[in-house]
Amino acid sequence: MLRIKNINTYYGKVHALKNVSIHVNVGEIVALIGANGAGKTTVLNSISGITPPREGEAIFGGVNILGLPTDQIVKMGISQIPEGRQIFAPLTVSTNLELGAYHRYSRKNKPFLKKDIEEVFSFFPILRERMNQIAGTLSGGEQQMLAIGRALMSKPSLLLLDEPSMGLAPMISKDIFRMISRLKDELKTTILIVEQNAKAALQLADRGYVIETGKIIMEESSKGLLNNKEVQRAYLGKEKKEIWE
Amino acid sequence: AKKVDLKEPYKIGCLFAFTGPASWLGEPERRTAVWIEDKVNKAGGINGHPLKLLIEDTKGDPTAAVLAAKKLLKEGVLAIVGPSTSGESMAVVPIMEEAEQILVSCAAAEAIVHDPKTDKERKWIFKTPQKDSHVVQKIYGHMKKSGIAKVAIITDTTGFGAQGREQLKKYAPEFGIAVISDETYGPKDTDLTPQLTKIKGTEAQAIVNWSILPAQTTVMKNRIQLGITIPLYQSHGFGNTKYAAAAGEAAEGVIFPCGRVLVAEFLDKKHPQKKLLVEYKKAYESQHKEDVSTFGGHALDALNLVVAALKASGPDKNKMRSFIENKKGFVGTGGIFNFSPTDHTGLGLDSLEMLTVKKGKFDLYKK
Amino acid sequence: MDKKDSLTLLILTVCLVIFPFIVTNTYYISTMVFVGINGIIAIGLSLLMGYAGQISIGHAAFFGLGAYTSAVLTAKLGFHPWGAFFLGILLSSCIALIIGIPSLKLKGHYLAMATLGFGEITYIVFNELTDITGGPSGIGDIPKISLAGYTMNTDIKYYFFVWAFLLLILTFSLNLIHSRIGRALRSIHDSEVAANAMGINTGKLKIQVFMISAVFGSVAGSLYTHYVTFVSPSSFGLFFSILLVMMVVIGGMHSVWGALIGAALLTILPEFLRALKDFEIFVYGSVLLLIMIFLPRGLIGGLEYLFNRLIKKV
Amino acid sequence: MILHTSKIKKTFGGLVAVSDLDFTVRECQIKAIIGPNGAGKTTVFNLISGILPPTGGEIQFQGKSITRLKSYRISSLGISRTFQNVQLFSNMSVIENVMIGRHPRTSSGIMSSILSLPKKRKEEKEVRKRAMEYLEFVGLGDRFDESPENLPFGKQRLLEIARAMATEPRLLLLDEPASGLNTKETQNLSRLITEIRGRGITILLVEHDMELVMGISDEIMVLNSGQKIAEGLPREIQENDEVIKAYLGED
Amino acid sequence: MPLYSQIIQYVLSGITIGSVYAIIALGFNIIYNSTSIINFAQGEFVMLGGLTMIFFTVMLKFPLVIGFPLTVLVLTLIGIIMERFAISPIKKPTVVTLIIVTIAVSILFKGIAMLVWGKDTHFLPPFSGEKGIAFMGASLNPQYIWVVGITVVVVVLLSVFFKYTIIGKAMTACAVNRTAASLMGINVKRMVLLSFALSAAIGGIAGIIITPITLMSYDNGAILGLKGFGAAVLGGLGNFYGAIFAGLLLGVMESLGAGLVHSGYKDAIALLVLLLVLFIKPSGIFGVTEASGFKKF
Ligand SMILES: Nc1ncnc2c1ncn2[C@@H]1O[C@H](COP(=O)(O)OP(=O)(O)OP(=O)(O)O)[C@@H](O)[C@H]1O
Ligand SMILES: Nc1ncnc2c1ncn2[C@@H]1O[C@H](COP(=O)(O)OP(=O)(O)OP(=O)(O)O)[C@@H](O)[C@H]1O
Ligand SMILES: [Mg+2]
Ligand SMILES: [Mg+2]
């Protein structure tokens, strides 16, 4: 479905991604894990065209998307939940959701959109309560839910998730991971997920990549990664977990 | 040009506000100046010396005027004509006094030529527009004859309007007139019904609208709209056919004192100003496809004066100065100038004519 | 002040001293006097805008307050010019305090509007208080100022006089920037909430820097008055306020040097463009636009870029 | 007892974000506040640090009321904080960000700054030296000259801690310091927090990472809809049914 | 004239001047809503609208019904050109650079208008005569009815557009967060272009309908823009009804100030009211405090 090959991305002079290659097959959940500042967000931004790579190749559904503007990439069915939420702060919750469906908006679609909004509300009931609240005054967690809901509104075939559990209460983040697998099962959405909570992400995913200072250093099935000593030590923090469990 | 170029040109500086908020003043002045330069040089220059005008834009800004004046002085001009507005002139005056160079201003304020502290005329400074006080006296004189004792004045907030307002208030008692309402309006005001409503609420027997701005036509229109019927006097700042056109019917019958440029064709054949006025008017209107105004005339008079001084006394600033200061019977568009050491304006009450608007055209006011 | 600043300051001083010996044309000297006067206000405004991040589109008012205090007190009431000079500073800073307390609580465009409104009101007052200010006709015949027995009655003398002030003010400003206070100012620019939480009394600091910039404006106004010896309201209107903001931004908001360069450019450019007559406005607008498009960090940003490239090459 | 609130309340329009909350933080404690999203934890921090004025109630710090004080006053009294949405000064270098933290502990005013008096210059040197120490303390010593925007998210969080430490607080409020950190980085953070406490600084912590919270807190308070639903030792909280229902969720 | 009908006259005049301010304020709000830019060239659109209308109807003698749409079309194009050549080339726009850019553009427009139309003040005949209409002892210029009427229509259409259409909402989203907006599949550049076209068109309409009252010259843009900006801010940036209310309030304050206090101070009185309101309500009368807090300068 998506295949990026040897992409190089720069921030000015900073060489953030070095020959990164990743592929995502239809119906898969792929996790991308790595330390702080390794370049995870940059990978997602390179795919969605927010920080276009300087060189490389990016094929989505057989079409070359390298160098296309973000809005066109989104229209082709890739939707990204950006790091740090980036909701439309002064607008209401429901307007935020509507805008998520911007590119499929038409008079004909209106009834469906209503249904889709309802669907989002059933995932995140708190959003229904806050429907007419200005989004900028939501608490951090509520904003994250809104961001996810908004991305779902575009009915993407590939969803890029950047740290969806960040700042969420444990129960909610469990819910979110559950929901992500529901997305895969029920809507057959393909997902590329970036997570700090590597364990949760890998438990969810079919495959995983490990990125370190802009380079992919490992690619394996999630089981393989979960059992890898190296990965356990660096990202899963096994010993500590046992202390309080 | 013929052999004129053989001699060194006489350089005269001009400071006109041909861009900025006073450009409707500076632009006709600039056009007139260019016309004169051409005319003088075609006629063989001044004693064989070609005339060279260095025209600088002052943008209606005193600071820009100061710099422009310094620039001109540095380029060795023999005298400076302008600036267009009173404020700019006041800013340039000290420079000229210090440099001991002639300035013939095209702005009206009396303080330009008259130092209120010493109560003397400033040595190097002259001006060509009529004195505001004369205009005021002319208006009040006319009112007195018509039995008007209570007036409302409405003036604009430029230097021109402010000077007028001051003089109107100062001379009223002399003519037994009471100013019972005193309103103002800004250059960009769009609706003056509040001011006029207030005037309507008083017992004024006439209104004086003293302004040099396009907005003065709004006073005329709003007055008709509010159904105010008392006579309307305008200042000489109304001397611009475009204003009369813009006010349309609202301008019919207004009364205002003005120089004779606007009514050149109605003047008696033997009137000393007739020849000059008709020639200027024709030349200006054929060249620029627009009606002549009094403002260009101020520049014309100022330049002619300097040229005459050069002709009579050569490029010696002291001699030129005393030539101008003692010049009598000099025919200009604004009137017949009679300068003296105690009068650097040189115009009397007789330079003004009472005009009115008849069928959209300026005409001599006859009662 | 860091080493780079001290060095630049030294070079600037030397250039300024040499300038009138090379260029004797009083017109150029006089242009430089206005560069100095505008530079003084622009530096003050850059402390407020570039460092503290508070816009003011009403700074012509402080310039006008200084100018009118000097004009009215010396020409009409016979005060000593220096007395009037300091009373102008006092008046400006008091008004800055009064106006600053409520205004600086506003943010962004609302602050822009409030300062703009204040500037316009001041301008109207200059126009309307005819008995004091002479109204639209202004005040003329203002005496010259003198220092240590020297009357500043020639362009050259005034040139040195104004630029001495400017250098002093520049030094003060550079010192301020590289201090605890300067740092605090910059923090307000980025996040007022965080600055407050770090123990910075942002409200007070904003008012203080507003007052400093008002004082600089007043100083420039007094210097203007005694140079031109005529004041009228038209020099202190909205247009001049906007011009000041443009000086700061075109020069480069993030540095007081930028303000100085901006003041120089926007004072000298119109003199350069004089020859263009009616096309001047058009070209002037285009130049401003091009600078902003190609040098969004202002002229100083461009200079820094060139400088860094140069260093790299060497 | 370093901090004590009684019946503090905050409403936004009709919404009650914090309602009649009483709690106490003891000297040298690490106390955590947990609770669902939107429970009012950040709001409590905003009330303590003076960023929002409370609708009602009283807050006492070291026995003195700080209820109506402006946030800069509170900060100089010794309460410092970090932000949930990182709020660094992006136009300043990393070290300057920390130097800002020294503001309430230094004194040179406008006049001595303008005139660059010797006292000010000495103070500047001192401030830079201290700032560097704090940077090294959080492990950012080698990146002092960069722009904070170039730091990865997690390092920005550390920088905020260094900046807050530089004000020499008695009480440090940390709002979700571990969000965006991976497990290993979170372990380093918990070591850092314990070390800060070791310096005699009391810590009030808001965090959703239960490993961190349960690992280092001496006491935990649980908020839900602006109200306290439980308070106690980590072990007690983990077993509290109400907390499990409202917040932790069942596995 | 009795005092009560004087006061009615003041209020009526104030309302009519105020609607001029209001319609100019609308233009500010459109661009602000979709880009959070304050376009200081908005007044210039008004000036160009008036002068273009004069060109079509006075110089070329086109009838009103043709001159009007033609002028609006020309202005739309001008808006597009401005966005393409001045706004979109700016790489990292900050609020202050954009302010300066729009000021530079306004200087440019002014210069062009001066070269094209000269320095004179131009006049446009009113749409339906200028005989005052009597109203409760006061008198009303018929052109004012045009101004008020067209303003009302424009406001209603605009607020429907921004509140209820997805394009309108998308424009607002662009102002808030461009990256996020593009992640919704919104073509941000096109939205910005659209907003400039729209507000230039509305500026043009404003110019057309007010020129018979205000007269028009190349340098009128700044002052009109200023009053419009004042109304936009006072009403709460981005709020259309706020703009109308604030425009009328400013107009009435001016008019009452001129009538009851002194005409010289009328602008000062209106501005003083504006300042006092802002000091009490820092985000304008209808501005949302929270929402304004999100925008950093
Ligand atoms: N706007 C930027 N300018 C300069 N450098 C940047 C920028 N954004 C990111 N970087 C750098 O690029 C590298 C990769 O950053 P990225 O945000 O992709 O990391 P990440 O893996 O998503 O980290 P995190 O866990 O903090 O989200 C980092 O070293 C970071 O410092
Ligand atoms: N300025 C504000 N205006 C209106 N409502 C607000 C404001 N700030 C917070 N709220 C509301 O108050 C409630 C509490 O918010 P708060 O940010 O304190 O939650 P929190 O416990 O920190 O949540 P999280 O764990 O998600 O950060 C939320 O419902 C939020 O929507
Ligand atoms: Mg990331
Ligand atoms: Mg929170």
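The values are calculated or read from the model by the stated rules, or taken from the named source; none is laboratory data. None of the values given here were measured: they were computed from a predicted structure. No Cβ is skipped: glycine too gets one built from the backbone with ideal geometry, and neighbour counts run over all protein chains shown.
Computed quantities for the displayed model
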item: The stretch C:31-44: number of residues that are within 21 Å of residue C:176 (Cβ to Cβ) and within 12 Å of another protein chain (Cβ to nearest Cβ); result: 2
item: Number of positions in the stretch D:2-52 that are of a type in the set (D, E, K, R), closer than 27 Å to residue D:216 by Cα and within 11 Å of ligand 2 (Cβ to nearest atom); result: 1
item: 2 or more residues of a type in the set (D, E, K, R), in contact (Cβ under 8 Å) with a residue 60 or more places away in the chain and within 14 Å of another protein chain (Cβ to nearest Cβ): qualifying strands (runs of 3 or more DSSP E) within the stretch B:178-289; result: none
item: Residue among C:223, C:185 that alone is buried (at least 24 other Cβ atoms within 10 Å of the Cβ) and more than 17 Å from the chain's Cα centre (by Cα); result: C:185
item: Restricting the stretch D:36-60 to residues that are within 14 Å of chain A (Cβ to nearest Cβ), within 25 Å of residue D:169 (Cα to Cα) and crowded, with 21+ Cβ neighbours inside 10 Å, the residue that is nearest to ligand 3 (Cβ to nearest atom); result: D:42
item: Filter result for the condition that a residue is within 14 Å of chain D (Cβ to nearest Cβ), away from ligand 3 (no atom under 13 Å from the Cβ), crowded, with 22+ Cβ neighbours inside 10 Å and modelled with pLDDT of 90 or more, over A:31, A:58; result: A:31
item: Residues of the stretch D:45-72 classified as more than 9 Å from ligand 4 (Cβ to nearest atom) and assigned to a helix (DSSP H, G or I), total; result: 5
item: Some residue of the stretch D:190-199 being crowded, with 19+ Cβ neighbours inside 10 Å, within 14 Å of ligand 2 (Cβ to nearest atom) and either among the hydrophobic types (A, V, I, L, M, F, W, C) or assigned to a loop (DSSP other than H, G, I, E, B) (or both); result: no
item: So residue A:165, is it within 16 Å of ligand 4 (Cβ to nearest atom) and hydroxyl-bearing (Ser, Thr, Tyr); result: yes
item: Qualifying residue in the stretch A:144-163 (condition: at pLDDT below 85 and either more than 16 Å from ligand 3 (Cβ to nearest atom) or away from every other protein chain (no Cβ under 13 Å) (or both)); result: yes
item: Residue match in the stretch D:208-229 (condition: under 25 Å from residue A:34 (Cβ atoms), touching a residue at least 24 places away in the same chain (Cβ under 8 Å), among the β-branched types (Val, Ile, Thr) and away from ligand 2 (no atom under 16 Å from the Cβ)); result: no
item: Failed item, numbered, when residue A:79 is tested on (1) at negative phi; (2) assigned to a loop (DSSP other than H, G, I, E, B); (3) small (Gly, Ala, Ser); result: (2)
item: Single condition residue A:195 does not satisfy, out of (1) within 12 Å of chain D (Cβ to nearest Cβ); (2) within 16 Å of ligand 4 (Cβ to nearest atom); result: (2)
item: Selection from the stretch E:85-124 of residues that are out of contact with any helix residue (DSSP H, G or I) (no Cβ under 9 Å at 6 or more places or on another chain) and more than 7 Å from chain C (Cβ to nearest Cβ); result: E:94
item: Test: residue in the stretch A:79-102 that is aliphatic (A, V, I, L, M) and within 16 Å of ligand 4 (Cβ to nearest atom); result: yes
item: Filter result (outside any helix (DSSP H, G or I) and of a type in the set (A, V, I, L, M, F, W, C)) within the stretch E:45-79; result: E:60, E:62
item: Wholly within the stretch C:1-109, helices (runs of 4 or more DSSP H) carrying at least 2 residues that are modelled with pLDDT under 90; result: C:3-22
item: 3 or more residues in contact (Cβ under 8 Å) with a residue 60 or more places away in the chain and surrounded by 18 or more Cβ atoms within 10 Å (Cβ to Cβ): qualifying helices (runs of 4 or more DSSP H) within the stretch A:111-203; result: A:140-152
item: Qualifying residue in the stretch E:194-211 (condition: surrounded by 23 or more Cβ atoms within 10 Å (Cβ to Cβ), at pLDDT below 90 and either of a type in the set (Lys, Arg) or more than 28 Å from residue C:112 (Cβ to Cβ) (or both)); result: no
item: Residues of the stretch D:74-88 satisfying the condition of being surrounded by fewer than 23 Cβ atoms within 10 Å (Cβ to Cβ) and either within 7 Å of chain C (Cβ to nearest Cβ) or of a type in the set (S, T, N, Q) (or both); result: D:76, D:84, D:85, D:87
item: Odd one out for residue A:48, checked against (1) within 16 Å of ligand 1 (Cβ to nearest atom); (2) at the interface with chain E (Cβ under 8 Å from one of its Cβ atoms); (3) surrounded by fewer than 21 Cβ atoms within 10 Å (Cβ to Cβ); result: (3)
item: From D:76, D:80, D:113, residue being in a helix (DSSP H, G or I) and touching a Ser or Thr at 6+ places or on another chain (Cβ under 6 Å); result: D:113
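Condition check ((1) under 30 Å from residue D:24 (Cβ atoms); (2) more than 16 Å from ligand 1 (Cβ to nearest atom); (3) within 7 Å of another protein chain (Cβ to nearest Cβ)) across all residues:
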| residue | (1), (2), (3) |
| --- | --- |
| D:132 | no, yes, no |
| D:147 | no, no, no |
| D:171 | yes, yes, no |
| D:190 | yes, yes, no |
